[in-house]
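Below: the structure, in structure tokens.
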2 protein chains.
Amino acid sequence: MHRILTAVTALSLCTAGAASAQDYAGHLKARQGQFRILAINLGTLGDMAQGKTEYDAEAAQAAADSLVAVSMIHQGPLWPEGSSEMDMDGTRAKSEIWDDWEDFAAKWGALGEAATAMQAAAGNGAEAIGPAMGGLGGACKACHDSYRAPQN
Amino acid sequence: MHRILTAVTALSLCTAGAASAQDYAGHLKARQGQFRILAINLGTLGDMAQGKTEYDAEAAQAAADSLVAVSMIHQGPLWPEGSSEMDMDGTRAKSEIWDDWEDFAAKWGALGEAATAMQAAAGNGAEAIGPAMGGLGGACKACHDSYRAPQN
């Protein structure tokens, strides 16, 4: 009984806003949040690559590690059917995502590979960041080109 | 009028170095998004533990893996000073986070340990999820008790 109560308590503590079939606002926040995390860490690495901030091996490595961490989040649960830009305000997710989920997932996998390459490069100096950043930019663009609607 | 607005805009752009609360809206979305990802995946696991949904080893494992992935995101870059509930609307982050960052980071580390325990348990049947969920609930609660302000 105690275990059940503990599990229920854990749920009520941690799942505020989680899946309610008719309301995917939380799912939008979840997936947009992960892109923000990518953006913040890409910004850190980009600023170092361009000399806007001084190279800091530890910060660069942490940023790259965070990119890899985000890329390890399974995307399926964050993209329920019925949460495209055709269904909801506040998202640019094209319905093509669900028409070709396998390709969408493969493009997420490509982001993971590019992040892993950055993870290997980031600690090796500012000049090592640029080429890895190119790979990440390509992975971002490939998915955006296919699956993100233009800004209104 | 337009010139005045432009000057004001330019001023606000030029003083961005002394980061205003406005600059951190993306950081709020980033950190709140990661908590949403946790919530969605904890919801999946909790529903299975309580028999609300049928146990699915693959989905349970994926959910646990995503918890671990989120726990691997470095928190430092997501919590700049000046982004507490005292500084900004839209966050319940108490200023105590920055008063004792080391403890805050340790509590995030404890979430990682609890997630890793769930990762080891989730594939072993619905009844294995409950105890691991208790550990996760404890990790959530420990941090919320210290560092999350009450809801308004």
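The values are calculated or read from the model by the stated rules, or taken from the named source; none is laboratory data. Predicted, not measured: the structure shown is a model, and the values here were computed from it. All Cβ positions, glycine included, derive from the backbone under ideal geometry; neighbour counts span all protein chains shown. Ligands, DNA and RNA are excluded from the accessible area calculation, which covers all protein heavy atoms including side chains. Shrake-Rupley method; radii C 1.70, N 1.55, O 1.52, S 1.80 Å.
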(message) Which of rounded, prolate or oblate describes region B:88-152 when judged by the alpha-carbon gyration tensor and an a/c cut-off of 1.5?
(response) prolate
(message) Probe radius 1.4 Å, ligands and nucleic acids left out: can you give me the accessible area buried at the B-A interface, summed over both chains, in Å² to the nearest hundred?
(response) 2800
(message) Can you give me the accessible area per residue for the protein assembly as shown, using a 1.4 Å probe, in Å²?
(response) 51
(request) On the full set of protein chains, 1.4 Å probe, figure out the accessible area of A:Arg148 and give it in Å² to the nearest 10. (result) 100
(request) Heavy atoms only, probe 1.4 angstrom, no DNA, RNA or ligands counted: give me B:Tyr55, A:Tyr24, A:Tyr147 ranked by accessible area, highest first. (result) B:Tyr55, A:Tyr24, A:Tyr147
(request) Taking each label point as 7 Å beyond Cα in the direction of the beta carbon, state the distances from A:Glu58 to the same residue in the other copies, shortest first, in nm. (result) 4.3
(request) Over chain B, with every protein chain in place, what whole percent of the accessible area is carbon and sulfur at 1.4 Å, could you tell me? (result) 55
(request) Quote the accessible area belonging to A:Asp87 in square angstrom, nearest 10, computed with a 1.4 Å probe and with ligands, DNA and RNA left uncounted. (result) 90
(request) Would you mind estimating how fast the protein assembly as shown diffuses translationally, via Stokes-Einstein at 25 °C and 0.890 mPa s with the Kirkwood radius over Cα pairs, in µm²/s? (result) 120
(request) Please report how far the C-alpha centroid of region A:84-136 lies from that of region B:22-39, rounded to the nearest whole angstrom. (result) 19
(request) Determine the dipole magnitude for the protein assembly as shown: charges of +1 sit on the beta-carbon of Lys and Arg, -1 on that of Asp and Glu, nothing else is charged, the reference point is the Cα centre, and the result goes in debye to the nearest 20. (result) 520
(message) No solvent, one uniform scatterer per C-alpha: report log10 I(q)/I(0) for region B:24-147 via the Debye equation at q = 0.09, 0.11 1/Å, two decimals.
(response) -0.27, -0.39
(message) Cross-link candidates for B:Lys29: which aspartates and glutamates have Cα within less than 16 Å, leaving aside residues fewer than 8 places away along the same chain?
(response) B:Glu81, B:Glu85, B:Asp87, B:Asp89
